[in-house]
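Input: a single structure, listed below in structure tokens.
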Amino acid sequence: MTLPDIQSRVAKACQDAGRDPQTVELIAVSKIQPIERVTAVLDAGHRVFGENRVQEAAGKWPDLMETYDGVSVHLLGPLQTNKARQAMELVSTIHSLDRPKLATTLARLAQELGHCPDLFIQVNTGEEAQKAGIAPSETDAFVTQCRDLDLPIKGLMCIPPAEETPSLHFALLRKLADRNGLQGLSMGMSGDFEQAIAFGATHVRVGSAIFGARVYDQ
Ligand SMILES: *Cc1c(COP(=O)(O)O)cnc(C)c1O
């Protein structure tokens, strides 16, 4: 279990960037991982986790939350509107608000439920056809639209294209967040979280570097 290593790398990256380590949230991405690896990280005292799918999160976390106090789960993966209610009842934060229809659904459900998780707008910084997210050129208008819906937008999120230098994408995301007055930057994964911290990440999403490689069945 390499949680302590990752925690000290986060602290070192903050120090190098002249940042207070308290301003960076380490999200341990537990998707697909065997439950004993997840409980090992919980037993080590970590409480902030990330999942990609509502169904997987709902199958795992309600039980764990009865055993461990103070857990928060962040949803990182694409959210279908028909899973939005379930997601809102389970997670503290949704990082994948990526389209107008989801924004209107979340706004309606927020009225009904009387609460809403914190939200990050996913920006498709690489403008990749197969990737979810708002185009950089449409981000300002979408932020405005979400604010008009009274949604609690905390920041922006990106997943840079695998084959490109991530720092260009981190810099772009930061520029878009700054000009919209957003503090939150969800960026950086196992391979690049230190660079993301140098560019101002407030939420780093680290899976395999904490838990080991994900082993997919078949
Ligand atoms: C899986 C995933 C991560 C974690 O990836 P690692 O490379 O294992 O750190 C982070 N963000 C998102 C959106 C993911 O889907």
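3J(HN,Hα) along segment 116-127: 8, x, 5, 10, 10, 8, 7, 10, 8, 4, x, 6 Hz, from the Karplus curve 6.51 cos²θ - 1.76 cosθ + 1.60 with θ = phi - 60°, whole Hz, x for Gly and Pro.
Under a 5 Å amide H cut-off, with hydrogens placed 1.01 Å from N, residue 25 pairs with 203, 204 among residues at least 5 apart or on other chains.
For residue 16 and residue 137, what does the FRET efficiency come to when R0 = 25 Å and r is the distance between their Cβ atoms, rounded to the nearest 0.05? The formula returns an efficiency of 0.15 here. Sequence-ordered 3J(HN,Hα) estimates for segment 47-59 from the Karplus curve with 6.51, -1.76 and 1.60 and θ = phi - 60° stand at 10, 10, 10, x, 9, 8, 10, 4, 4, 5, 4, 5, x Hz, glycine and proline given as x. A helix-only calculation puts the chain at -12500 deg cm²/dmol for mean residue ellipticity at 222 nm, using -39500 (n - 2.57) for each DSSP H run of at least four residues, averaged over all residues.
For segment 177-190, backbone phi angles converted through the Karplus equation (6.51, -1.76, 1.60; θ = phi - 60°) give residue-by-residue couplings of 5, 4, 6, 9, x, 9, 8, x, 9, 9, 7, x, 10, 3 Hz, Gly and Pro being listed as x.
Amide H contacts of residue 134 (H built 1.01 Å from N, in plane; Pro and chain starts excluded): 122, 123, 124 sit under 5 Å, all sequence-distant by 5 or more or on other chains. Using only Cα coordinates, the Kirkwood hydrodynamic radius of the chain works out to 17.6 Å.
Read the figures in this text as sums done on the coordinates, not as results from a lab. Bear in mind that the values here come from a model prediction, so they are computed numbers and not experimental data. Cβ: placed from backbone, ideal geometry, glycine included. Neighbour counts: every protein chain shown.
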